[in-house]
Structures are given as structure tokens and as C-alpha cells.
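The block underneath contains the structure these notes are about, expressed in C-alpha cells.
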Amino acid sequence: MQSISQRLTNSLSYVFGANPQPFVQLSLSDGEQPPMFFQGSYAQAVDTARDEFKFLLVFLHSPPHSESSKFCRDVLSNPMVSSFLEDNFILWGASVLTEDGFKLSHTLGATDFPFFAILCHFSNTLSVNQQLMMMGYDTSASRGKAIHLHTIQGFVPREELLSLLTSFLEEHGPLMVAAKAEDTDRKQSRNLQRMQEEEFEESLRQDQERMEQREREEARRKEEERERANEEARKLEEERQRQLAIEREKQEQEMNRARLQDRKLRVKEQLAPEPEASEDTCTILIRLSSGRKLTRRFIKTDRLKVRRSAKNREESRE
């Protein structure tokens with residue numbers, strides 16, 4: 001953690017040059033309390049004042065001027081002044097011996113030292129800028145830049161400095177309050193709009209999910225219907241094939257019966273009745289395909305074809 005001396009050195013070095021240590025030591029030894037200046041560039045100080053809704057108090061220090069050191073020692077280092085400045089402003093300082101301090105002294109029109117300028121930067125605050133115009137400030141030339149509101153230059157006693165700054169705050173403070181309120185309203189409006197957009201996007205997303213869900217369910221229903229139709233078609237085809245097989249089997253059975261009947265008729269036509277036993281006959285033992293034995297008389301002059309017909313006739317009867 002930095003010591004008080006280190007913090008003061010860092011804070012004051014840009015204002016009082018590269019070696020502000022004598023001033024720091026003098027202040028600390030006398031019990032004084034120099035204010036903590038903003039550590040950063042002028043542009044950064046403007047942005048910080050804008051973001052924190054504070055006025056920017058620019059202090060330009062000119063070592064060649066005789067009253068500059070006296071002002072720093074007797075007025076600027078007074079604890080009451082330091083606290084007032086730190087509480088109500090973003091305090092930025094520079095020596096006119098530095099490039100930034102020299103350029104800014106010309107920009108702000110500094111003619112005497114020590115020099116104070118009070119500036120403000122309101123972004124996107126139309127009503128506040130209109131009020132500034134009604135108060136006589138030219139805001140058109142300062143668009144996007146800090147507006148120079150008030151100047152205090154030359155040696156000013158402590159009480160007078162505090163009185164001047166207090167009067168300025170009483171007159172211009174409501175502008176800062178209005179700017180902060182307008183910014184708050186604008187942020188709330190943006191947040192509300194963002195929330196509405198997020199709700200709308202969420203509603204769209206949910207609608208999209210429901211639509212996709214319905215499409216998936218419809219696709220699944222159609223697929224199930226297609227599968228059921230395919231299953232029914234398969235069963236119908238199987239039944240048709242079964243009926244065709246039954247029909248074919250019936251037809252084959254009918255054809256077999258017809259062939260058998262035809263065979264019986266042919267055998268009956270070819271085979272004469274069994275003759276009576278005589279010298280012209282002979283008895284032959286016939287073994288059927290079923291294994292049964294058949295004994296029959298034939299005329300000795302019958303051909304083998306007649307004997308086979310007798311066998312076929314008996315087998316057709318089984």
C-alpha cells in the first residue's frame with residue numbers, strides 16, 4: 001500500500017513538475033493536506049467526470065507567477081479546501097510548463113494564474129443541453145466535448161474560493177442532477193426495451209420449439225401410420241399368398257383325383273375279369289407297393305401289360 005507521501009507525489013507530479021517532493025514535504029510538515037488530483041490524461045478526466053456526473057475542475061499551475069506557490073501553500077493545501085474539491089469535483093491539474101498544460105491554457109483562455117476552469121460533459125442529455133443554451137452557453141461548438149462553464153483566475157483567498165465554488169454548484173448543480181436523472185431514465189428505458197426484446201425473443205424461441213415439436217409429432221404420427229399401412233399391406237399379401245397356396249393345393253388335389261379316376265377307368269378298360277381256373281390259366285402272386293400280397297389268375301396267353309394293369313387296379317383301390 002502506498003504511503004501518504006507516495007500518493008501525494010504521484011498526484012501532484014503532473015501539476016508541479018517531475019519533482020514535487022519539496023512541496024509534498026512542506027505540506028506534510030505543516031499539517032496541510034493537498035488535494036488528490038486525478039491521475040490520468042485530461043481526456044480521461046473528462047470521461048470520468050461524465051460517467052460519475054460530476055463537474056470537472058481544471059487547475060493550471062504556472063511556476064513563474066509569484067502568487068502560484070503562495071496559493072498552493074495557503075489555499076489549495078487547506079484541508080477544508082481539499083475536502084471540498086475532492087467531494088464535489090473531479091480535480092485535474094497540470095503545469096503550464098508541460099505540453100498538455102500549455103495547450104489547455106490557450107484553449108481555456110487563461111490570462112492569469114493560478115487558474116481554475118469548471119467544465120462539464122453531458123452525453124445524450126438533450127434537455128440539459130437545452131437548459132445550458134437558455135443559460136447563455138454555446139453548446140453547439142462543444143458537441144462531443146466538455147463545455148467550459150466558469151473561470152476563476154488569479155490569487156483568490158480560501159473563503160472567497162469556497163464561496164465562488166459553492167455559488168456555482170448551487171446554480172449549476174441541478175443541471176447535473178437532471179443529467180443523472182435523464183441518464184437513469186434512459187438506462188431504465190434501454191433495460192426495459194432489452195427485457196422486452198429478450199421476452200419477445202424468448203417467446204419466439206418457445207413458439208419455434210412448439211412448432212418444431214408439433215412437426216416432430218406429426219412426422220412421428222405419419223411414420224406410425226405408414227408403418228401400420230405397411231404392416232396391414234404385408235398381412236394382406238400374406239393372406240393372399242396363403243389363399244393362393246390353398247387354391248393351388250385344392251387344384252392339385254382335384255387334378256390328382258381326376259388323374260386317379262382317369263387311371264382307374266383306363267385300368268378297368270384294359271383288365272378283363274379274372275378267369276375261372278383251368279388248364280389255360282395260371283395263378284400269379286403279386287406284391288403291391290403297400291406290401292400287401294395279391295393272388296390272381298390270368299390266362300396264360302395274357303401279356304405282361306395285363307398283369308401290370310391288375311396290379312395298378314388293386315393299388316388304386318387302396
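The values are calculated or read from the model by the stated rules, or taken from the named source; none is laboratory data. Predicted model, so just to flag it, every value in this text is computed and none were measured. We work out accessible area using only protein heavy atoms, side chains counted, and drop any ligands, DNA or RNA first. Shrake-Rupley method; radii C 1.70, N 1.55, O 1.52, S 1.80 Å.
Rank these residues by their accessible area, most exposed first, probe 1.4 Å: Arg257, Arg50, Arg73. List each step's numbers first, then the result.
On the way: Arg257 125, Arg50 70, Arg73 95 Å².
Order by accessible area, largest first: Arg257, Arg73, Arg50.
Using 0.36 nm per residue, how much length does the chain from Asp74 to Asn230 gain when fully extended, once their Cα-Cα distance is taken away?
45.9 nm
Please report, as a whole percent, how much of the solvent-accessible surface of the stretch 182-245 comes from carbon and sulfur atoms (probe radius 1.4 Å).
Numbers: 2810 of 5690 Å².
The nonpolar share, carbon plus sulfur, comes to 49 percent.
Hey, can you find the accessible area per residue of the stretch 179-233 for me, probe 1.4 Å, expressed in square angstrom?
Details: 4760 Å² over 55 residues.
Accessible surface, normalised per residue, equals 87 Å².
Extension gain Ser167-Asp112, at 0.36 nm per residue separation less the Cα-Cα distance, in nm?
Here the answer is 17.6 nm.
Considering only protein heavy atoms, what is the solvent-accessible area of Thr166 at a probe of 1.4 Å, reported in Å² to the nearest 10?
50
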